[in-house]
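Peer 1: Below is a structure I'd like to ask you about.
Bear in mind these aren't lab numbers, they're just calculated from the coordinates by the rules spelled out. This is a predicted model, so every value here is computed, not measured. When we count neighbours, we look across all protein chains shown, and the Cβ atoms used for this are built from the backbone with ideal geometry, even at glycine.
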Amino acid sequence: MPDLKSLIRQIPDFPKPGILFYDITTLMQDASGWRSVIDQVTAHYKSAPIDVVLGIEARGFFFAPTLAYALNTGFIPVRKPGKLPHKTAAMEYALEYGTDKLEIHADAVQPGQRVLIFDDVLATGGTAQAVAKLVEKIGGTVAGLGFVLELDFLKGRSKLDGYDVFSLLHY
């Protein structure tokens, strides 16, 4: 098994001064690293009751469809405003360096459907918290929140109390 952390490039001062960005594109370029991430996350969720995997734009889109395939579920995208063609529900959220807004098709999740929310990084927890509330707002049940890596020092997990949270790597 590859050392996954060694495959993640760290870029200082991106997207603004003082932020250390963890670039997972270098991990995804490595075939054994990519396979290891997908296999380990799939193994973690294989026996969980999940009906659909939701990916958060943009980097959650790299992982969520592949996980949905591996878990034999559907995939739901959550996107930035104006990208989805049908009626949407929206939620604003805080980043470690500002605020943003995400949208989901209002009918993407059926009432009671169990949703695994997946993204690349758990930082401050604002994005994940907003998407979990968005799923619940349209009638879904959050089955879990999964991440490739978690920045423990930002304490984002504290915003996700009451949810099952899994991160493959910790910094």
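Peer 1: Beyond 25 Å, how much of the Cα-Cα pair distribution for the chain remains, as a whole percent?
Peer 2: The answer is 28 percent, as a whole percent.
Peer 1: What is the Cα centroid distance between segment 151-171 and segment 42-63, reported in whole angstrom?
Peer 2: The distance from the Cα centre of segment 151-171 to that of segment 42-63 comes to 16 Å.
Peer 1: Further question on the same structure: Tell me the net charge near residue 115. Cut-off is 15 Å between Cβ atoms, residue 115 excluded, with +1 for each Lys or Arg and -1 for each Asp or Glu.
Peer 2: -2
Peer 1: Let me ask another. For residue 138, what charge total do you get from the other residues with a beta carbon under 13 Å from its beta carbon, if Lys and Arg give +1 and Asp and Glu give -1?
Peer 2: Net charge in that neighbourhood comes out at 0.
Peer 1: Counting pairs on different chains as well as pairs 8 or more places apart, how many Lys pairs in segment 65-171 have Cα atoms under 19 Å apart?
Peer 2: Lysine pairs, 8 or more places apart or on different chains, close enough: 13.
Peer 1: Still on this model: With a cut-off of 8 Å between alpha carbons and a minimum separation of six or more residues, what is the relative contact order of the chain in percent?
Peer 2: Numbers: 340 pairs, mean separation 28.9, N = 171.
It rounds to 17 percent for the chain.
Peer 1: Using the Cβ atoms and a cut-off under 11 Å, what net charge is assigned to the surroundings of residue 147, where Lys and Arg are +1 and Asp and Glu are -1?
Peer 2: My count for the surroundings of residue 147 gives -1.
Peer 1: Based on the mean of other beta carbon atoms within 10 Å per residue, what is the order of 11-20, 142-151, most packed first? Working shown, then result.
Peer 2: Values: 11-20: 10.2, 142-151: 22.9.
Highest to lowest by the protection proxy: 142-151, 11-20.
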